[in-house]
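Data first, discussion second: the structure below is written as structure tokens.
Just so you know, all these numbers are worked out from the coordinates, no wet-lab data involved. Values in this document were obtained by computation on a predicted structure and should not be read as measured data. Glycine gets a Cβ as well: all are built from the backbone with ideal geometry, and neighbour counts include every protein chain shown.
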Amino acid sequence: MHHDEAALLVVTRFLPGQLVEGSPAAEDPDVHRQAGILLALMHGQPGVVDEHYEARENRKMIGWPDREHRIAPDVEQRLRDEIAAWPEPPATLVPTHGDWQPRNWLVHDGVVSVIDFGRADLRPAYTDLARLAAQEFRRDPALEGAFLDGYGADPRGPDAWHRQQVREAIGTAVWAYSVGDERFEAQGHRMIADALSP
């Protein structure tokens with residue numbers, strides 16, 4: 001409704017609805033299809049090519065294991081070695097949400113809407129699928145099919161997607177340990193194992 005660039009402030013209207021996470025809507029393929037449609041609209045805005053995105057992300061990932069964590073030393077070394085060998089190609093960045101998953105979706109009268117744009121930034125489109133892939137898509141592949149049907153195509157190329165999965169796994173395990181969330185930390189360790197499996 002209003003914005004102030006200097007204050008970095010956007011005023012929006014209240015969105016009615018029930019949070020999808022923890023409700024029967026979380027298992028509804030149509031909810032995921034609608035979420036795919038919404039994300040495609042967001043990602044469909046003009047993008048920019050960034051020559052240095054991958055290099056920045058690689059540097060960031062090399063630094064994550066310097067924090068306290070419970071990643072096994074041999075696994076940490078494998079991660080460091082792999083990241084050091086990654087290429088750094090140009091990346092196309094588009095507007096992304098940064099936390100696209102059912103905890104930020106509402107459903108009202110059968111219509112899905114999205115909240116919490118606090119992590120919004122320019123990133124590759126595939127990054128918005130990382131949390132879904134680690135949770136909802138892993139639990140029920142039909143939800144992935146419905147989401148991609150709504151989205152229209154799969155933005156995940158194999159090499160870039162693998163790098164994203166490793167980054168997301170490390171970030172999850174280290175961050176969850178730092179805040180004492182053992183369940184989420186265990187998910188991060190499972191994600192690391194999945195990402196490193198042949």
Options (1) -0.37, -1.03; (2) -0.56, -0.93; (3) -0.42, -0.89 for log10 I(q)/I(0) by the Debye sum over Cα atoms at q = 0.09, 0.15 Å⁻¹; the value derived from the coordinates is listed as (1)
One finds the C-alpha centres of the stretch 60-103 and the stretch 165-198 to be spaced, in Å, by 10 Å
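How about the stretch 1-62: which GluC sites (Glu not before Pro) there are in a DSSP loop, with at most 16 other Cβ atoms within 10 Å of their Cβ?
Values: sites: 5, 21, 27, 51, 54, 57; in loops: 5, 21, 51.
Here the GluC sites (Glu not before Pro) that fit, given the DSSP loop and packing criteria, are 5, 21, 51.
For a protection proxy built on the mean count of beta-carbon atoms within 10 angstrom, sort 96-102, 74-80, 42-48 highest first, please.
Numbers: 96-102: 20.6, 74-80: 14.7, 42-48: 12.9.
My ranking of the peptides, most packed first, is 96-102, 74-80, 42-48.
Using only alpha carbon pairs under 8 Å that are at least six residues apart, calculate the relative contact order of the chain and give it in whole percent. Could you put the intermediate results ahead of the total?
Numbers: 271 pairs, mean separation 53.3, N = 198.
Answer for the chain is 27 percent.
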Rounded to the nearest 10, the angle in degrees between the Cα long axis of helix 158-179 and the longest principal axis of the Cα atoms of the chain comes to 90 degrees
